[in-house]
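The block underneath contains the structure these notes are about, expressed in structure tokens.
The values are calculated or read from the model by the stated rules, or taken from the named source; none is laboratory data. It should be emphasised that the depicted structure is a prediction, and the values quoted were computed from it without experimental measurement. Every residue, glycine as well, gets a Cβ built from its backbone with ideal geometry; the counts of neighbours run over all protein chains shown. To get the accessible areas, we keep the full protein, side chains included, count just its heavy atoms, and leave off ligands, DNA and RNA. Shrake-Rupley method; radii C 1.70, N 1.55, O 1.52, S 1.80 Å.
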Amino acid sequence: MPSAISGEFCHTACIHLCFYFDSYFLHLSHFLSVAVSSYITQKGYEKKRTKLLAPYIIQAPGKDSSPPICRGHAAPPSSSSRYRERRSRRTHRSGGTRDDRYRSDIHTEAVQAALAKHKQEKMALPMPTKRRSTYVQSPINTRTPPDSSSGSEDESSARRQSSVAAPPPSHLQSPETWANRSAQGSSTSSSASSTLSHDGKMFEEVQFCPCVSESRCLRRRFHPPPPGCSSAGVPVNSRVSTKIQQLLNTLKRPKRPPLSEFFTDDSEEIVEVPEPDPNTPKPEGRQIIPVKGEPLGVVSNWPPALQAALARWGATQGKSPALTALDITGKPLYTLTYGKLWSRSVKLAYTLLNKLGTKNEQILKPGDRVALVYPNSDPGMFWVAFYGCLLAEVIPVPIEVPLSRKDAGISQVGFLLGSCGVGLALTSEICLKGLPKTPTGEIMQYKGWPRLKWVITDSKYLTKPSKDWQPHIPTANTDPAYIEYKASKEGTVVGVAVSKVAMLTHCQALTQACNYCEGETLVNVLDFKKEMGLWHGVLTAVMNRIHTISVPYAVMKACPLSWVQRVHIHKARVALVKCRDLHWAMMAHRDQRDTSLASLRMLIVADGANPWSVSSCDAFLNVFQSHGLKPEVICPCATSPEAMTVAIRRPGVPGAPLPARAILSMGGLSHGVIRVNTEDKNSALTVQDVGHVMPGALMCIVRPDGPPQLCKTDEIGEIIINSRAGGTMYYGLPGLTKNTFEVIPVNANGVPIGEIPFVRSGLLGFVGPGSLIFVVGKIEGLLMVSGRRHNADDLVATALAVEPVKTVYRGRIAVFSVTVFYDERVVIVAEQRPDASEEDSFQWMSRVLQAIDSIHQVGLYCLALVPANTLPKTPLGGIHISDTKQFFLDGSLHPCNILMCPHTCVTNLPKPRQKQPVGVGPASVMVGNLVAGKRIAQAAGRDLGMIEDQDLVRKHQYLTEALQWRAQTDPDHVLYVLLNAKGVTVGTATCVQLHKRAEKIAAALMEKGSINTGENVVLLYPPGIDLIAAFYGCLYAGCVPVNVRPPHPQNLAATLPTVRMIIDVSRTACILTTQNLMRTLRSKEAAASVNIKTWPTIIDTDDLPRRRPPQIYKPPTAEMIAYLDFSVSTTGMLTGVKISHAAVSALCRSIKLQCELYSSRQIAICLDPYCGLGFVLWCLASVYSGHQSILIPPFELESCLSLWLSTLSQYRIRDTFCSYSVMELCTKGLGTQTELLKARGVNLSCVRSCVVIAEERPRLALSHSFSKLFKDLGLSSRAVSTAFGSRVNLAVCLQGTTGPDPCTVYVDMKSLRHDRVRLVERGAPQSLPLMESGKILPGVRVIIVNPETRGPLGDSHLGEIWVNSPHNASGYYTIYGEESLQADHFNTKLSFGDPQTLWARTGYLGFVKRTELLDASGDRHDALFVVGSLDETLELRGLRYHPTDIETSVSRAHRSIAESAVFTWTNLLVVVSELCGSEQDALDLVPLITNVVLEEHHLIVGVVVIVDPGVIPINSRGEKQRMHLRDSFLADQLDPIYVAYNM
């Protein structure tokens, strides 16, 4: 509540009392208001008020501080000016236009007032955009229950670590800031801009009231056990060879050393404790005294057991009617007399005990539990079965008829039957025929149900007992008589056992409270299997020989006035109804004018405890008073399955004043205290009493949470009851029973007030004047948001008071809360009418948000509209809340409209980090690290120069010389083997063949192309040997090759412009290509995308004449450019880097050493050969090292997935290189075919190392999946590793064959966002697994640097990876005149420490950790971990986020998410997800994505975009092009299925 409301109500020490008596009293209240407005002093006002009110206040003895109540006649308008005044203030509507059972004058006025300021406004909130096909609304029966998808252990390890509290939400994004940000994003997508602006206005008119929330802050620090990732090394022994030593070190199980560096910073203190609101109302009364009901009278002719009453009436009043059942039209179908009821029950009892098994075997014994399965349309069969069970002394368990395997809560009913040990079910023949059957004709086995034996109880199947057989009727004792089912808030169905004595006592108490007389007629509209319908209409009715007319639910749907007609026809004295039935009768009232309700002495309203029952009762009285209905006969009551009847209003005396009403402040209620609402009608709740406590019962009010401490007199709490007439236990669940049925209340000091056990009723309420009981809600409808209580029913009433009513079905609305990010969040789900337009729905949803925010001071988290008739139903047509909630959480609700509002309701986010000004220089940081005992984070590979013979190095100074040397010394050695999709060799190249093909191409370049030395030549080839020959041909001719991926012939429009761009940027003089590609470049299709007339000279190298160049070019210096490497980075930048001959030679030598490559070795390469390390391995490494490369073009895997793995097995390959795309293709495509591959003889035990070539963080989950899947084919779990390269250095790390295995560490994600590295144990909350990116190559040095200060960092920090190596690239080719950028990226120096060395900046963030494993030289191994690209990190709330972490969480959110990508747009986080399921799943993803990002990353998603599979662009290395995606989103080129703007 805002302080303006709560403060004004709690500053007065006294509690205002308002009584509605008559006109005199109106003068009194007028006088008081005048007195107050005339500035009377507080003391004088108190004195005068006390004197004037004294005659009218009736105080219960011993009560001194009672809640304020307003008394008055609930009379028709003609007799009460107060009522008339109230009626005139609201818009008068005819009964047929709205559902008045939810109608509340207070709510309607409040909603209208709350929305009044929005009346003139346009709809200014951004409306979601939706592809038209998503309107297809599927019927409920097409839905399938979701599979339970389980993430891996690592993925599921990120869970909550600490609770957080809510600072006042000043930092929340208001609509104004949305508008400003939207205005900044000039290239907004048309879909976004069209929905964000209406008539040129953007949000400025909408105002959200921030929630003043009182949150509890529970801080828990998580101290992990000392982590580590490696094992202690073995001391180097001269007698043990280095190889064996390496093997031993690799095999040793890592021991976890204590973590030396531990830091404390503000990430631990993630939130501030909000200051408590001084205006929060607190209870001020004294401790409540238990309330006693009147003594239960002893009547001489009350039976000793209920069965005895039936026996008596069956014998003495056999013709007397017991039950009349109605048909579907509302006409009497049959009447069961007490004689028939008794004889049939006896027959059933005899059959159950004696005729079910064989002669000697008795299937049922007294005390066994039996299920009763009867439809609501057949009360007679149920009565016979129920009393037959009582007579046989077996325990009936009435349940609903299962209609299908997908019934709401069907498996939970199975849990009930299992916990009760039910093995037998009684049913009728008709019902049995209607049950779902298997194809063989057997009753279907329902999910979670025990195996049941079905018994038909129709009379013709029962055996008449012998004359000497009589049922045993003992005096009522504490054994269970029957078990009543009850569904909890979570959906669990439990059985409340009612003892024989409790059943009898309850009937006696109801007889006394309701003054039942023998032979009366009762009309029952309620379910006769449970609660009020069973207690009054089946049990108490038989005890008092009452004639019950049972009106089934189906009749009410067909003929809503049928119960009123039955009262009129049968002159019924009592009717048992719900507010729903009052409303339906009122709606159909015009059809019947001659009905009379004058015979009614008691109209029992079973759900009279609901807050909105007041208006239903008033409206019904208003309509039917002219039909003889007397105001005093309306009797609301409060019940629960556990405590049974808690309280019931006794029938009044004609003419006596009607009982009290309380008008309470909702702000006070949300804090659990009672305050009268005298001024702000918008936030008032009117509740009626439910009468007095039951006879013979004792009642207390205790706090609903924590120990059962007695409440104060002005405090709301849970009602608990001590009575002989209540449930005794949850059958078969002793743990739950103790918490509910054996409660001992305690006082403020925690001391028990006695030894009598009480039963929790699950009702929230208070005791008013005269010991009247008021109920304001139920525990199961209680939503605890930010420490405040809200009642689901109140929120329903507010939502339904919002116009336009044509949007949703009234009565088909569910309110529940879900726990997201340490607090409960309110979700409303409603069924939308088919004729409601998109605009109407969105308008209604926006207004509901505003109304609930204004009236209840609580923000809605999600508001979803689903197609009509798709929410799970309870047996009597209500909404199954727990199933609806589960559908919401599982992503199987399939809404047609959804609105998420996390910005307004999530007020407990961690504080945004304020970046401190850099007052500490890099030198101080370095000294600080040294003082703290932390290493500077740097690492190096082996020394490159000392190892190899210098002659060989000189020989391989240039690759051209190496090829010529090999052509002379070993001409027939096969360097390359090219395979096709069938695994057949389609091309080979020996040393001499490659040399001669290169010569032919060099000659052609000189003759046809007139190429000068140093000019650039584009190579446009599919993966193969032609590409390799063309590369060496260029080097022979003295040209600079530029390798370019050829355009895709089926997608020229998208791929050809990139080719054209590289040709233009590199200023190419000539293009070398194949005949097919040359035709493609000059085709009409190509002309549609680029200007084909301006291509440089194109040379087709397919059929060149045999010519040799005059001479083979030798560069004058090794620093000359060997080739240009062009690549599109993940941020969408096309960059070309210059690679010198010296760098090529150094890189090839480094790889040769790391991977131990010799002429006798074979490797398999399944990579794209167009840039980076893929190109080096494909074209350069074999010529340098002499090993044989088996080339597998990745596109061939599309037609034969097993090609790569079959090749590894066939050629017994020890070392192979692939990309993540290839690995993912095999994992997804071959995951189910491992047995088939095994049968075909595929064996991967030969593979020693499988290296994934990438420029990103290692994909641990994919690597693990691949290893696990193909373990059965012999693949070693240690084989898979990764490499790391960047634009400035094509290969920084490569696992190779020597050295320890790559290690995995778990780091704390919260620390990582602060650029810190803190190791934690596997499975720790918020832990992120990271795999080492391979071993650092020989000759390479890396250091971790602060990208801002450029100072070296300690090894507990995350920083940019800088690299120094002889194979660094020489610089960018594409950037003209940007010498500063060139120097910054390729030739930069540290600001402190070692200012001489030149470093290249990789643009990737990472860290170095020293492990306990030993490398080949016997030193401890330094592992490099790559975390992500610096350019791609998201700066949100002052913290650094890596997109891949958020995307991993999003992909786990729902089974239908194929791939996802994130980026920021005007400070909002945008999540794009590819939907691989049905389009009806699209809107299900929005709340799940919002939830998971909030839970795991403490971020609010601003926009969720659902797209088709394949929309997220991915480059050849399998990396997402997030900036391309962002540009497409802003240019409205994604064709999204759905775009949701989270408010």
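What are the residues in the range 1281-1327 that are surrounded by 22 or more Cβ atoms within 10 Å (Cβ to Cβ) and at positive phi, if any?
GLY1296, GLY1299, GLN1326
Taking the residues in the range 1218-1250 that are of a type in the set (Val, Ile, Thr) and either in a loop (DSSP other than H, G, I, E, B) or modelled with pLDDT of 95 or more (or both) as candidates, determine which candidate is nearest to LEU1294 (Cα to Cα).
Going through the qualifying residues, I end up with VAL1247.
Quick one: in the range 527-555, which of the residues that are open to solvent by less than 10 Å² (accessible area, probe 1.4 Å) and small (Gly, Ala, Ser) is farthest from PRO641 (Cα to Cα)?
SER550
It is to be established whether one or more residues within the range 663-676 are open to solvent by 40 Å² or more (accessible area, probe 1.4 Å), at pLDDT 85 or above and closer than 30 Å to ILE744 by Cβ.
Yes, that holds for at least one residue.
Select the helices (runs of 4 or more DSSP H) contained entirely in the range 1132-1217, then report the ones holding at least 2 residues which are open to solvent by less than 10 Å² (accessible area, probe 1.4 Å) and in contact with a helix residue (DSSP H, G or I) (Cβ under 8 Å, 6 or more places away or on another chain).
Qualifying helices (runs of 4 or more DSSP H): 1141-1155, 1181-1185, 1203-1210.
Kindly indicate whether ALA868 is touching an Asp or Glu at 6+ places or on another chain (Cβ under 9 Å), farther than 25 Å from ASP823 by Cβ and small (Gly, Ala, Ser).
Yes; evaluated as a whole, the condition is true for this residue.
Can you find a residue in the range 1073-1096 that is modelled with pLDDT of 90 or more, touching a Gly at 6+ places or on another chain (Cβ under 6 Å) and surrounded by 15 or more Cβ atoms within 10 Å (Cβ to Cβ)?
no
Pick from the range 938-982 the residues that are in contact with a strand residue (DSSP E or B) (Cβ under 7 Å, 6 or more places away or on another chain) and assigned to a loop (DSSP other than H, G, I, E, B): which of them is modelled with the lowest pLDDT?
GLY941
Find the strands (runs of 3 or more DSSP E) located wholly in the range 1397-1441 whose residues include 1 or more that are touching a Cys at 6+ places or on another chain (Cβ under 9 Å), and list them.
Because the criterion is at least 1 residues that are touching a Cys at 6+ places or on another chain (Cβ under 9 Å), the strands (runs of 3 or more DSSP E) in the range 1397-1441 that meet it are 1400-1414, 1420-1429.
Could you tell me which of the residues VAL397, VAL370, VAL384 is buried (at least 21 other Cβ atoms within 10 Å of the Cβ), of a type in the set (A, V, I, L, M, F, W, C), more than 28 Å from PRO332 (Cα to Cα) and at pLDDT 90 or above?
None of the other options fit; the residue is VAL370.
Being touching a Lys or Arg at 6+ places or on another chain (Cβ under 9 Å) and either in a strand (DSSP E or B) or of a type in the set (S, T, N, Q) (or both) is the filter; apply it to the range 821-831 and report the residue that is surrounded by the fewest Cβ atoms within 10 Å (Cβ to Cβ).
That would be GLU831.
Restricting to helices (runs of 4 or more DSSP H) lying wholly in the range 561-674: which have 3 or more residues that are touching a helix residue (DSSP H, G or I) at 6+ places or on another chain (Cβ under 7 Å) and over 26 Å from CYS507 (Cβ atoms)?
579-587, 613-624, 666-670
Quickly run through the range 799-812 and pick out the residues that are at pLDDT 85 or above, β-branched (Val, Ile, Thr) and either surrounded by fewer than 23 Cβ atoms within 10 Å (Cβ to Cβ) or more than 26 Å from the chain's Cα centre (by Cα) (or both).
VAL802, THR807
Say we look at the range 409-440 and pick out the residues that are part of a loop (DSSP other than H, G, I, E, B) and open to solvent by 30 Å² or more (accessible area, probe 1.4 Å); which of these is farthest from GLN886 (Cα to Cα)?
This residue is THR440.
Restricting to the range 303-325, give me the number of residues that are assigned to a loop (DSSP other than H, G, I, E, B) and open to solvent by 30 Å² or more (accessible area, probe 1.4 Å).
Selection size over the range 303-325: 3.
Looking only at the range 462-489, which residues are more than 30 Å from ALA814 (Cβ to Cβ), of a type outside the set (S, T, N, Q), open to solvent by 60 Å² or more (accessible area, probe 1.4 Å) and touching a residue at least 40 places away in the same chain (Cβ under 8 Å)?
LYS464, HIS472, ASP479
Could you list all residues from the range 982-1023 that are over 21 Å from ALA1069 (Cα atoms), of a type outside the set (A, V, I, L, M) and open to solvent by less than 10 Å² (accessible area, probe 1.4 Å)?
The answer is CYS991, and nothing else.
I'd like the full set of residues that are open to solvent by 40 Å² or more (accessible area, probe 1.4 Å) and closer than 16 Å to MET699 by Cβ, limited to the range 724-759.
ARG724, ILE744, ILE753, ILE756, PRO757
What do you reckon, is THR686 in contact with a helix residue (DSSP H, G or I) (Cβ under 9 Å, 6 or more places away or on another chain), in a strand (DSSP E or B) and surrounded by fewer than 22 Cβ atoms within 10 Å (Cβ to Cβ)?
The answer is yes for THR686.
Among the candidates LEU1525, LEU1485, single out the residue that is touching a His at 6+ places or on another chain (Cβ under 6 Å) and assigned to a helix (DSSP H, G or I).
When all the criteria are applied, what remains is LEU1485.
For the subset of the range 364-408 comprising residues that are basic (Lys, Arg) and either assigned to a loop (DSSP other than H, G, I, E, B) or within 21 Å of THR874 (Cβ to Cβ) (or both), which member is nearest to the chain's Cα centre (by Cα)?
LYS406
Would you check which residues across the range 1334-1351 are β-branched (Val, Ile, Thr) and either in contact with a helix residue (DSSP H, G or I) (Cβ under 8 Å, 6 or more places away or on another chain) or at pLDDT below 90 (or both) and list them?
VAL1340, THR1349
Of all residues in the range 490-508 being more than 24 Å from SER411 (Cβ to Cβ) and in contact with a strand residue (DSSP E or B) (Cβ under 7 Å, 6 or more places away or on another chain), which is surrounded by the most Cβ atoms within 10 Å (Cβ to Cβ)?
Filtering first and then ranking leaves VAL498.
Among the strands (runs of 3 or more DSSP E) lying completely within the range 460-548, list those that include at least 3 residues that are not aliphatic (A, V, I, L, M).
Correct list: 480-487.
Could you check GLY1428 against (1) over 29 Å from GLY1371 (Cα atoms); (2) at pLDDT 90 or above; (3) touching a Leu at 6+ places or on another chain (Cβ under 6 Å) and say which number it fails?
(1)
Which of the residues belonging to the range 1098-1120 are open to solvent by less than 60 Å² (accessible area, probe 1.4 Å) and either more than 28 Å from GLY1172 (Cβ to Cβ) or within 60 Å of the chain's Cα centre (by Cα) (or both)?
Listed by number, the residues that qualify are ILE1098, ILE1099, ASP1100, THR1101, LEU1104, PRO1109, ALA1118.
Pairs needed: first member in the range 1253-1268, closer than 21 Å to ILE1165 by Cα; second member anywhere, basic (Lys, Arg); C-beta distance under 7 Å; at least 6 residues apart or different chains.
Partner pairs satisfying both residue conditions: ALA1254/ARG1517; GLU1255/ARG1517.
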